[in-house]
Amino acid sequence: MQKKIVLLPGDGIGPAVAEAAASVLQQVADNFSHTFKFDKKAIGGAAIDSAGEPLPADTLQACQDADAILLGAVGGPQWERNPPHLRPEKGLLQLRKGLGLFANLRPVKTFPSLLSSSPLKQEIVEGSDLLIVRELTGGLYFGTPSERRNAGQTVVDTLLYERKEIERIVETGFQSAMLRNKRLASVDKANVLESSKLWREIVDEKSKDYPEVAVEHMLVDSTAMKLITNPTYFDVIVTENLFGDILSDEASVLTGSLGLLPSASLRDDELGLYEPVHGSAPDIAGQDIANPLGAILSAAMLLRYSFGMEEEADSIEAAVDNVLQSGYGTQDMHVDTANIVGTARMTSLVIEQLMEAKVSS
Ligand code: NAD
């Protein structure tokens with residue numbers, strides 16, 4: 001298969017981890033006889049410096065014409081004092097909006113060799129493997145602009161959802177559950193919010209199309225508790241923007257390292273934007289110590305969700321699993337000092353695993 005991937009390295013450690021993920025994808029292409037054509041474009045601070053804006057028109061155009069997009073990270077202290085339209089993060093927000101990416105998928109999985117890195121007790125976190133599907137373009141963050149009334153004594157924020165916006169994210173939740181263990185927790189606050197009542201109605205309607213999926217309605221407050229007391233309870237969680245923002249950050253600490261977590265932002269065709277959950281980590285940029293695994297696992301999501309290449313995606317995840325089981329890690333992970341490797345070495349270890357898998361197949 002031939003596919004076009006736009007690579008958006010961005011700022012800080014972004015270029016290092018994006019390059020790492022691209023070289024892993026290249027090895028997968030060799031293993032499975034695919035051709036992946038990479039087109040590198042500027043975004044964020046790098047684009048402000050080179051083109052005077054955080055999302056140049058040719059970057060957006062290339063992304064619109066691509067089969068998938070792989071991003072490193074954006075941001076850094078050198079652009080922090082810029083006016084809002086010249087901030088690196090603006091480029092990412094414009095890109096998500098410009099492409100209509102409404103579903104954010106964040107898997108959280110603990111690795112047996114890293115259980116001691118989790119802030120939770122080993123017996124609680126062991127075996128956790130869940131996916132949060134968050135609505136990304138509606139709700140409280142996108143309502144009528146907030147206002148202050150009565151000389152600043154009253155504030156108004158608007159939580160607005162169209163039926164079709166809820167329908168499409170709930171659909172993504174069901175489809176995601178079908179790809180996993182077919183259990184879906186739909187999270188809301190239906191005891192208080194009108195938007196949550198409509199959300200529940202739509203989930204119940206959609207569940208008729210997915211009789212194999214076991215659906216449970218859960219309130220966001222009890223979900224927050226259960227995520228840290230019994231994370232293995234969950235398979236797929238689907239929820240609206242604000243709840244998803246908070247729950248996905250809560251879930252992200254389960255693994256013990258931000259550097260390991262991938263994400264995808266999708267719409268209802270195959271195009272998707274894939275990026276590690278972490279930011280540009282300017283404090284460690286340029287030192288060959290950044291953990292590339294979040295970006296590499298994002299590349300696995302790219303293969304699975306945009307290209308439908310399940311076996312290829314599994315091969316990356318298996319390679320990462322094997323490297324971690326051998327005890328290796330980057331400096332952000334709790335591994336033996338003797339087994340700490342840098343960005344380039346960690347990437348080579350994953351590629352070596354993929355090469356071995358090719359030889360033995
Ligand atoms: P951050 O995720 O960049 O860093 C938080 C801490 O985690 C730092 O100590 C960093 O060294 C460490 N860390 C992060 N990723 C790591 C990795 N792969 N390997 C090893 N250690 C890693 O968050 P921050 O410091 O709050 O933000 C830094 C910049 O990144 C800011 O400009 C922020 O706006 C931006 N940011 C961008 C994105 C994005 O591009 N999607 C997301 C979050 C933050």
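The values are calculated or read from the model by the stated rules, or taken from the named source; none is laboratory data. Everything quoted here is computed from the prediction, not taken from an experiment. Using ideal geometry, Cβ is built from the backbone for each residue, glycine included, and neighbour counts are taken over all protein chains shown. Heavy atoms of the whole protein, side chains included, go into the accessibility calculation; ligands, DNA and RNA do not. Shrake-Rupley method; radii C 1.70, N 1.55, O 1.52, S 1.80 Å.
Please note which helices (runs of 4 or more DSSP H) are completely contained in the range 291-361 and include at least 2 residues that are of a type in the set (D, E, K, R).
Fully inside the range 291-361 and qualifying: 310-325, 343-360.
Since Glu270 meets every condition but one in (1) under 22 Å from the mean Cα position of the chain (by Cα); (2) of a type in the set (Asp, Glu); (3) not in a loop (DSSP other than H, G, I, E, B), which condition does it not meet?
(3)
Among residues belonging to the range 65-78 that are farther than 30 Å from Val125 by Cβ and in contact (Cβ under 8 Å) with a residue 40 or more places away in the chain, point out the one that is farthest from the chain's Cα centre (by Cα).
Within the range 65-78, the first condition is being farther than 30 Å from Val125 by Cβ, and the residues that meet it are 65-69, 74, 76-78.
With the extra rule that they be in contact (Cβ under 8 Å) with a residue 40 or more places away in the chain, the set shrinks to 65-69, 74, 76-77.
Working: Asp65: 21, Ala66: 19, Asp67: 17, Ala68: 14, Ile69: 12, Val74: 14, Gly76: 20, Pro77: 23 Å.
So, considering only residues that are farther than 30 Å from Val125 by Cβ and in contact (Cβ under 8 Å) with a residue 40 or more places away in the chain, the one farthest from the chain's Cα centre (by Cα) is Pro77.
Hey, among the residues in the range 24-46 that are within 16 Å of the ligand (Cβ to nearest atom) and part of a helix (DSSP H, G or I), which one's nearest to Leu354 (Cα to Cα)?
Val24
Tally the residues that are surrounded by fewer than 16 Cβ atoms within 10 Å (Cβ to Cβ) and within 19 Å of Thr35 (Cα to Cα), restricting the search to the range 307-356.
So the count comes out to 5.
Looking only at the range 138-154, which residues are open to solvent by 40 Å² or more (accessible area, probe 1.4 Å) and under 29 Å from Val238 (Cα atoms)?
Hits for the range 138-154 are Leu140, Tyr141, Phe142, Thr144, Pro145, Ser146.
Could you check, for the range 63-79, whether at least one of its residues is buried (at least 18 other Cβ atoms within 10 Å of the Cβ), of a type in the set (Val, Ile, Thr) and assigned by TED's automatic domain parsing to the domain that holds Gly45? Spell out how you get there, then give the answer.
So the first thing to find is which residues in the range 63-79 are buried (at least 18 other Cβ atoms within 10 Å of the Cβ), and the list is 63, 66-76, 79.
Then keep just the ones that are of a type in the set (Val, Ile, Thr); that gives 69, 74.
The next check asks that each one be assigned by TED's automatic domain parsing to the domain that holds Gly45; those that pass are 69, 74.
Looking for residues that are buried (at least 18 other Cβ atoms within 10 Å of the Cβ), of a type in the set (Val, Ile, Thr) and assigned by TED's automatic domain parsing to the domain that holds Gly45, one finds at least one in the range 63-79, hence yes.
For the range 271-299, which positions are out of contact with any strand residue (DSSP E or B) (no Cβ under 8 Å at 6 or more places or on another chain) and over 16 Å from Ala344 (Cβ atoms)?
Pro282, Asp283, listed by residue number.
Test Ser248 against the criterion of being outside the structural domain of Phe32 (by TED's automatic domain parsing) and not aromatic (Phe, Trp, Tyr), and give yes or no.
yes
Only one residue in Pro54, Pro84 is under 19 Å from Gly279 (Cβ atoms), open to solvent by less than 60 Å² (accessible area, probe 1.4 Å) and either free of Cβ contacts under 8 Å to residues at least 60 places away in the same chain or basic (Lys, Arg) (or both), so which one is that?
Just one listed residue meets the conditions, Pro54.
Is it fair to say Thr223 is of a type in the set (Ser, Thr, Tyr), within 15 Å of Arg106 (Cβ to Cβ) and either open to solvent by 10 Å² or more (accessible area, probe 1.4 Å) or part of a helix (DSSP H, G or I) (or both)?
So Thr223 passes the test.
Here is a yes/no grid of residues against (1) among the polar types (S, T, N, Q); (2) over 19 Å from Leu99 (Cα atoms); (3) at pLDDT 95 or above:
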site	(1), (2), (3)
Val238	no, yes, yes
Leu254	no, yes, no
Pro262	no, yes, yes
Leu266	no, no, yes
Pro276	no, no, yes
Ala281	no, yes, yes
Ile289	no, yes, yes
Pro292	no, yes, yes
Tyr305	no, no, no
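Can you tell me which residue within the range 4-14, out of those that are within 12 Å of the ligand (Cβ to nearest atom) and not acidic (Asp, Glu), is surrounded by the fewest Cβ atoms within 10 Å (Cβ to Cβ)?
Only one residue tops the list, namely Pro9.
So, in the range 242-267, of the ones that are farther than 20 Å from Asp321 by Cα and among the hydroxyl-bearing types (Ser, Thr, Tyr), which residue ends up farthest from the chain's Cα centre (by Cα)?
Ser248
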